[in-house]
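Following: one structure in structure tokens, then a few remarks.
The values are calculated or read from the model by the stated rules, or taken from the named source; none is laboratory data. Keep in mind the model is a prediction, meaning the values are calculated, not measured. Backbone-built Cβ (ideal geometry, glycine too); neighbour counts: all protein chains shown.
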Amino acid sequence: MNERNEPRTRPTAWAAMALLLLLATGAKTFGQTAEFDIPDPPGVLEGKNSLGPAPGASGYSPFGQSGAPVMGGRAGPSVTRAPLDSATPRASRRSWEGQPNFRVQAIPEAAVPAYGSLDLPSADVPVGSEDGYSLDDAVQLLMDRNLELLALKFEVPMAEADVLTAGLRANPIFYADAQLVPYGSFTPGRPGGQTQYDINITHPIDVNNKRKARVQVAQVARRAVEAQLQDAVRRQVDNLYTAFVDVAAADLTLEYSRKYQQGIGQLLSINEDLLEKKQIAEDPVFALRAQRDVARLQIREAEQALARTTRTLSQLLNIPREQASAVRIHDKLRDDRPLPMAEDGLIALALERRPDLQAQRLGLHRAHADVRLAKRERLSDFYLLYQPYTFQDNRPDGLNGARSWAVGLTAPMPIYNRNQGNIARAQLNVTQTHVELDQAVRRVQDEVSDAVREFELSRQAMIDSESEILPSARRVRDAAYRRWQGGETGILAFLDAQREFNERVREYRDAIVRHRRAVLDLNTAVGARLLP
């Protein structure tokens, strides 16, 4: 009796070993069932990344059907425990709400002094320092050092990692169990079958090429991410344009303010000499002294505006704070060249070159790929069961134990769930993406048209100002100066004429800056560097 009872201590050891193996493989074992916790599908199809919403994303994950029943079929003496969703790979990328908030706002133009000796800036003399950054230099620095773009560039290798994840095959599943383990021992009055120990290996079989469809979706999504990155570069370059022109305008305003102070100083010196000779009253001298004090204040304000715009430019170029104040630019602010081509040609070029439109078109390809993937998901994986080792313990009956093997196949029966909802959703998403693409095309066309109109209007305003308005204002000022010098009028009359002339100069300065912005805005709208 003791000899017959001694071998019965072995099933407990076998069961403990099997339990440890199950825990090591992440299974939950209870009786004859086993479940596996399956993570979320690859994040490449989550529809979002730090570049903003991915175009063409359907908003659902077609890499598997959540809540699919665990199906099995008895093959030999044991049952496969493979869940139908075990081929689902893990999510690998983060998602962010919304899009990055690009767009630097242009600062309001600083006031130009009302008095002083101002004149037209030379069309051939650049604004800024000779050793300052040109616009080409600034764009190159932006591409190499801008922190926003450096961070967004990581989206491309992450999308490539998603392609790798989508192409990974599902892992086989190891399972071991012990069956018909008695509580105590079997007796003639309470007979039972022999205790059995099984080792199973279940391998998923992708009979419907779902993995290939997942890879295709991930590859299109990667190309869309690359186009989104190019569009982020376009918008960040537009920010650079705004900041660069702001610095040029502030530099020009500072130059005007210094000329104003110089002109007021010359007028004050002349009138102080006349006052000493008692040839004029005190009122003009007091007025000029007040204007001199105003000139000093305007210079300080212009210097502050230049420092503020320079800091903004330095942030975009990722120049250290201790070096930001020393940043200077070099630019020919005035540009009177006409449009490089007609409006229809510019619109056609924008529809071809704009990276946001390219991303939308790739999003449409991705939406079609989602439909193909959803149709592939109608049939879940088959699971091939290979049971290389089964041991039936016959020793309690005084017989030798038996060893055997088994093979089996678990196949889904797509009777109720054929992924109908996800297929319908993916097909609707194709139509939705078509509508979004049409909207994007219309938006680009309108942006180019608006940029062309602003270009032509600002260019004509600049040319009219320098060819008609300013010469007339100069003639009025010069006539007032001659009358003052001839003693026909007083200094105050000349100061009024100088103020009117300076106002026209301010308007001309604004026209130059406005047209320079219009030129660069046209580049942004078309998505290509047409004019410097």
Per the list (1) among the hydrophobic types (A, V, I, L, M, F, W, C); (2) modelled with pLDDT of 95 or more; (3) over 22 Å from the mean Cα position of the chain (by Cα), residue check on LEU339 breaks on (2)
If ASP381 satisfies every condition in (1) at pLDDT 90 or above; (2) among the charged types (D, E, K, R); (3) surrounded by fewer than 17 Cβ atoms within 10 Å (Cβ to Cβ) but one, which is the exception? (3)
Any residue that is modelled with pLDDT of 95 or more, in a helix (DSSP H, G or I) and within 30 Å of ARG376 (Cα to Cα) - is there at least one of those in segment 438-446? yes
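Within segment 401-434, track down each residue that is charged (D, E, K, R) and assigned to a strand (DSSP E or B). Even if it seems obvious, please write down each step before you answer.
Residues of segment 401-434 that are charged (D, E, K, R), as a first pass: 403, 418, 425.
Across segment 401-434, the qualifying residue is only ARG403.
Residue-wise test of (1) in contact with a Lys or Arg (Cβ under 9 Å, 6 or more places away or on another chain); (2) under 30 Å from GLU148 (Cα atoms); (3) in a helix (DSSP H, G or I); (4) at pLDDT 85 or above.
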position	(1), (2), (3), (4)
VAL247	yes, yes, yes, yes
LEU252	yes, yes, yes, yes
ALA287	no, no, yes, no
ARG292	no, no, yes, yes
ALA302	yes, yes, yes, yes
Looking at ILE319, ILE347, which is the one that is farther than 30 Å from ALA493 by Cβ, aliphatic (A, V, I, L, M) and part of a loop (DSSP other than H, G, I, E, B)? ILE319
Residue in segment 338-349 that is closer than 30 Å to LEU254 by Cα and in contact with a helix residue (DSSP H, G or I) (Cβ under 9 Å, 6 or more places away or on another chain) present: yes
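For the condition polar (S, T, N, Q), exposed (fewer than 15 other Cβ atoms within 10 Å of the Cβ) and within 36 Å of the chain's Cα centre (by Cα), what is the one hit in GLN439, GLN460?
Details: GLN460 fails: within 36 Å of the chain's Cα centre (by Cα).
Result of the check over GLN439, GLN460: GLN439.
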If I filter segment 145-158 for residues that are small (Gly, Ala, Ser) and either in a loop (DSSP other than H, G, I, E, B) or crowded, with 16+ Cβ neighbours inside 10 Å (or both), do I get at least one hit? no
Would you please list the contacts, defined by Cβ atoms under 6 Å and residues six or more apart or on different chains, that run from a residue in segment 329-344 that is over 19 Å from ASP246 (Cα atoms) to a residue that is modelled with pLDDT of 85 or more? PRO340/LEU530; GLU343/VAL452
LEU339, sole failed condition from (1) within 27 Å of SER458 (Cα to Cα); (2) out of contact with any Phe, Trp or Tyr (no Cβ under 9 Å at 6 or more places or on another chain); (3) outside any helix (DSSP H, G or I): (2)
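Here are some residues: ALA480, ALA473. Which one is free of Cβ contacts under 8 Å to residues at least 40 places away in the same chain and more than 55 Å from the chain's Cα centre (by Cα)? Write out each step before concluding.
Details: ALA473 fails: more than 55 Å from the chain's Cα centre (by Cα).
Being free of Cβ contacts under 8 Å to residues at least 40 places away in the same chain and more than 55 Å from the chain's Cα centre (by Cα) holds for just one of ALA480, ALA473, which is ALA480.
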Members of segment 451-490 that are of a type in the set (S, T, N, Q) and under 30 Å from LEU531 (Cα atoms): SER458, GLN460, SER465, SER467
Selection count where residues are more than 19 Å from ASN209 (Cα to Cα) and among the hydroxyl-bearing types (Ser, Thr, Tyr), scope segment 356-394: 3
Pairs needed: first member in segment 270-297, under 26 Å from THR253 (Cα atoms) and touching a residue at least 60 places away in the same chain (Cβ under 8 Å); second member anywhere, exposed (fewer than 15 other Cβ atoms within 10 Å of the Cβ) and among the polar types (S, T, N, Q); C-beta distance under 9 Å; at least 6 residues apart or different chains. ALA295/GLN262
The condition from (1) over 30 Å from GLY192 (Cβ atoms); (2) touching a strand residue (DSSP E or B) at 6+ places or on another chain (Cβ under 6 Å) that ALA406 misses is numbered (1)
What number goes with the only condition from (1) surrounded by 20 or more Cβ atoms within 10 Å (Cβ to Cβ); (2) more than 26 Å from SER458 (Cα to Cα) that ALA473 does not pass? (2)
